[in-house]
Amino acid sequence: MARAKRKGWITVNPCEDAEKVTVKRSEDFNVLSVEQVHAAAREASSGLLRAMFLTAAFTGLRMGELLALRGRHVDFGNRILHVQRNYVDGIEDTQKPSAAQRSALGPGRRRA
């Protein structure tokens, strides 16, 4: 915001009077029990969100991996997920695109 004000893009920096918040870091890691995961999933607003929450909680997949997951990547018989793609910055691919690739493709474009 300060840069935007210096550049003349905005006349007032709305963040100037904001108080800096200090967050104390902790090495504690809170892990939900299986029952808590299911309870939280039951509160999801849709079946898709419920499925994504459960999949993330029990597999450790990242958001981009979840968003790129397709039915053909799921082997229900062997209970295996094949994580083959990732969805980052509007691009679905087998790997995270570089900044140059993202700018060349433009926002929201997917590679074949």
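Each value in this text was obtained by applying a stated rule to the coordinates, not by laboratory testing. Worth saying up front: this structure is predicted, and the values here are computed from it rather than measured. Note: ideal-geometry Cβ built from the backbone for every residue, glycine included; neighbour counts use all protein chains shown.
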Problem set entry | Surrounding net charge for L81, when Lys and Arg each add one and Asp and Glu each subtract one, Cβ distance under 12 Å | +2
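Based on the Cβ-Cβ distance from L49 to D75, what FRET efficiency comes out when R0 is 30 Å, to the nearest 0.05? Before the final figure, lay out the partial values.
Numbers: r = 23 Å, r/R0 = 0.77.
E(calc), rounded to 0.05, equals 0.85.
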Seminar exercise, completed: Normalised Cα Rg of segment 16-102, dividing by 2.2 N^0.38 Å with N its residue count, works out at 1.45
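Quick check: from the Cα gyration tensor, does segment 1-64 come out rounded (a/c under 1.5), prolate or oblate? The partial results should precede the final answer.
Working: a/c = 3.44, a/b = 2.16, b/c = 1.59.
Here segment 1-64 falls in the prolate category.
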Seminar exercise, completed: Under the 7 Å Cα-to-Cβ spin-label approximation, K20 and R42 lie apart by a distance in nanometres of 4.6
